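Comments concern the structure below.
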Amino acid sequence: MRLIVDAGSTKAHWQVIDDNRQVQQVYTDGINLLVHSWEHIEKQICTALSEAGGDSNIEAMEIYAAGGIKGELRDAFKRKISQRFGVSEENIVVESDLVLAAKALCGEEAGIACILGTGSNSCLWDGKQIVKNVRPLGYILGDEGSGAVLGKKLVADWFKGLLSEDISGKLSQYVGLEYADVMGKIYREPGGNKYLASLTKFMRDNIEAKEIRDIVMQSFDEFVVRNLMQYEGAEKLKVNFVGSIAYYFKDQLVDVLKNRGFAVGIIRKEPLE
């Protein structure tokens, strides 16, 4: 059996491949290698195995996850996996989800690979490896264009009275919470970024409203200026995307990229496709 996982902070998409090369698709909670504990990560691996039938004979495992780790941290993580699940360390791959995105989008060709999901990230790929990565910085300091940032901008405009009466009323009904409760979900409860990102469904359903479209377009433009424009020669390469935000707001994303003079490549919802 072989396991391959594309793990973002919100959810993890597993492909469990048996000896007959039959593939099962399994979803678990997300994995961030820098944030989540070993116990959390171990639980997600066990859940994926259980959903796939509980076979513990694992020959190889490839983990592509948010919060990529290197050096001694990666070596120590591989040892834990090997000791817990009986996989030879040489058959364990631990890389960032950005590497998987680049492999899926660019293959062996040079290009720019981007992730637009709950968070955002990007890299310059030379066909074999990442040669430059502008730090995403998370949704407080960065993550421009991400679901968390779109939701953050929406909530900020809502409570500062910058939305029209029509959209504000619809959003209030959609959220179903008072100001204090929304603030509690963002600032006091864990997973504030996930909650903010969940509001992008409302934005997608109301994208024809100018104020919603403006938030999306502005955030995508910030992603281009603060990330893509930092890669030398980017205008000569195709820019490719994976992630639910890129997929569901494709029209707005393409408009922004073209307005900035970038060539649009592949846009996929998930890299394991």
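The values are calculated or read from the model by the stated rules, or taken from the named source; none is laboratory data. The structure presented is a predicted model; accordingly, all values stated were derived computationally and were not measured. Methodologically, a virtual Cβ is constructed for each residue, glycine included, from the backbone with ideal geometry; neighbour enumeration extends over all protein chains shown. In case anyone asks, the SASA skips ligands and DNA or RNA and just uses the protein heavy atoms, side chains included. Shrake-Rupley method; radii C 1.70, N 1.55, O 1.52, S 1.80 Å.
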- Query: For V256, are the conditions met, namely being part of a helix (DSSP H, G or I) and either of a type outside the set (K, R) or modelled with pLDDT of 95 or more (or both)?
  - Reply: yes
- Message: Looking only at residues that are open to solvent by less than 10 Å² (accessible area, probe 1.4 Å) and in a helix (DSSP H, G or I) in region 224-244, which one is farthest from H13 (Cα to Cα)?
- Response: A234
- Message: Can you find, within region 81-116, the residue that is nearest to the chain's Cα centre (by Cα) among those that are at pLDDT 90 or above and among the small types (G, A, S)?
- Response: A101
- Task: Could you list all residues from region 38-58 that are modelled with pLDDT under 85 and part of a loop (DSSP other than H, G, I, E, B)?
- Result: A52, G53, G54, D55, S56, N57
- Query: Taking region 158-197 only, how many residues are touching a helix residue (DSSP H, G or I) at 6+ places or on another chain (Cβ under 7 Å) and open to solvent by less than 90 Å² (accessible area, probe 1.4 Å)?
  - Reply: 16
- Item | Residue satisfying condition, being within 26 Å of W125 (Cβ to Cβ), in contact with a helix residue (DSSP H, G or I) (Cβ under 7 Å, 6 or more places away or on another chain) and either without any contact (Cβ under 8 Å) to a residue 40 or more places away in the chain or part of a helix (DSSP H, G or I) (or both), within set D251, D221 | D221
- Task: Scan region 1-45 for residues that are in contact with a strand residue (DSSP E or B) (Cβ under 7 Å, 6 or more places away or on another chain), under 20 Å from K194 (Cα atoms) and open to solvent by 60 Å² or more (accessible area, probe 1.4 Å) and jot them down.
- Result: K11, Y27, D29
- Selection status of N20, outside any helix (DSSP H, G or I), in contact (Cβ under 8 Å) with a residue 24 or more places away in the chain and more than 24 Å from S244 (Cβ to Cβ): no
- Note on the structure: Residue hits (region 247-265; surrounded by fewer than 16 Cβ atoms within 10 Å (Cβ to Cβ) and under 16 Å from the mean Cα position of the chain (by Cα)) are K250
- Which strands (runs of 3 or more DSSP E) does region 85-152 wholly contain that include 3 or more residues that are open to solvent by 20 Å² or more (accessible area, probe 1.4 Å) and β-branched (V, I, T)? none
- Within region 74-84, can one find any residue that is farther than 27 Å from R135 by Cα, free of Cβ contacts under 8 Å to residues at least 40 places away in the same chain and in contact with a strand residue (DSSP E or B) (Cβ under 6 Å, 6 or more places away or on another chain)? yes
- Query: Can I69 be described as in contact with a Phe, Trp or Tyr (Cβ under 9 Å, 6 or more places away or on another chain) and farther than 30 Å from E222 by Cα?
  - Reply: no
